[in-house]
Amino acid sequence: MPTDSRLPRVLHVLLHLDQIDEPATSDQIGEMLATNPSLIRRMMAGLRQAGFVGSTKGHGGGWFLAKPLNEISLFEVYEALGAPQLFAVGLSADAPACLLEQAANAATRSALAAAKTAFKAELAQTMVADLVAPHSGKIKQYQSNRKKNSTEKR
């Protein structure tokens, strides 16, 4: 069964948008994520509706942050993506009148609901900006090395 990787991919994009000064085009984001720019536009549409990003058309246009990352929770991003299905596990419909199948479905439904509640609670506790904090030293070092290398090449 295919997995839905939109949440980590969108978080990746938001973190990059926070690091750059100019808008990023769908082509640039598509190249970064190794996917089609039209998929990027669809993926970003929910984020624009939620007010997390904006976009401009024309030369110099693209996607930009419309809200600071420390004001956006992972749960809000998950919802902006349409709250994708979490699990491949589903209920049985082989014998709906069977009390044993009903019992198995009830137990499965209960476990799935508890897992979904825990997942959402975990996402709600974390802001997108928090994702960078554990890596800020490495990021600064990387950026410093990139600037140093680009200066040396000139």
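The values are calculated or read from the model by the stated rules, or taken from the named source; none is laboratory data. As the structure is a computational prediction, the values presented were derived from the model and not from experiment. Cβ coordinates were reconstructed from backbone atoms using ideal geometry, including for glycine residues, and neighbour counts include every protein chain displayed.
Just a few scattered comments:
- Subset of the range 115-130 (residues that are under 20 Å from Ala83 (Cα atoms), in a helix (DSSP H, G or I) and not aromatic (Phe, Trp, Tyr)): Ala115, Lys116, Thr117, Ala118, Lys120, Ala121, Glu122, Leu123, Ala124, Val128
- Restricting the range 118-145 to residues that are within 17 Å of the chain's Cα centre (by Cα) and of a type in the set (S, T, N, Q), the residue that is nearest to Ser73 (Cα to Cα): Thr126
- Any chance Ser38 is polar (S, T, N, Q) and in contact with a strand residue (DSSP E or B) (Cβ under 9 Å, 6 or more places away or on another chain): no
- Within the range 1-52, the residues that satisfy the criterion of being under 19 Å from Gln85 (Cβ atoms), in contact with a helix residue (DSSP H, G or I) (Cβ under 7 Å, 6 or more places away or on another chain) and either among the polar types (S, T, N, Q) or in contact (Cβ under 8 Å) with a residue 60 or more places away in the chain (or both) are Arg6, Leu7, Val10, Leu11.
- For the range 131-154, filtered to residues that are in a helix (DSSP H, G or I) and of a type in the set (A, V, I, L, M, F, W, C), the residue that is modelled with the highest pLDDT is Leu131.
- Taking the listed residues Leu39, Leu100, the one that is among the aliphatic types (A, V, I, L, M), at pLDDT below 95, outside any loop (DSSP other than H, G, I, E, B) and surrounded by fewer than 16 Cβ atoms within 10 Å (Cβ to Cβ) is Leu39, with no other qualifying.
- Filter result (without any contact (Cβ under 8 Å) to a residue 24 or more places away in the chain and outside any strand (DSSP E or B)) within the range 53-68: Lys57, Gly58, His59, Ala66, Lys67
Residues are listed down the side, and each one gets a yes or a no for (1) in a loop (DSSP other than H, G, I, E, B); (2) surrounded by 15 or more Cβ atoms within 10 Å (Cβ to Cβ); (3) modelled with pLDDT of 95 or more; (4) out of contact with any Gly (no Cβ under 8 Å at 6 or more places or on another chain):
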{"position": "Thr3", "(1), (2), (3), (4)": "yes, no, no, yes"}
{"position": "Leu17", "(1), (2), (3), (4)": "no, yes, yes, yes"}
{"position": "Glu22", "(1), (2), (3), (4)": "yes, no, no, no"}
{"position": "Gly51", "(1), (2), (3), (4)": "yes, no, yes, yes"}
{"position": "Asn70", "(1), (2), (3), (4)": "no, no, yes, yes"}
{"position": "Phe87", "(1), (2), (3), (4)": "yes, no, no, yes"}
{"position": "Gly90", "(1), (2), (3), (4)": "yes, no, no, yes"}
{"position": "Ala93", "(1), (2), (3), (4)": "yes, no, no, yes"}
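- Residue within the range 135-152 that is within 26 Å of Asp4 (Cβ to Cβ) and either of a type in the set (Gly, Ala, Ser) or loosely packed, with under 10 Cβ neighbours inside 10 Å (or both) present: no
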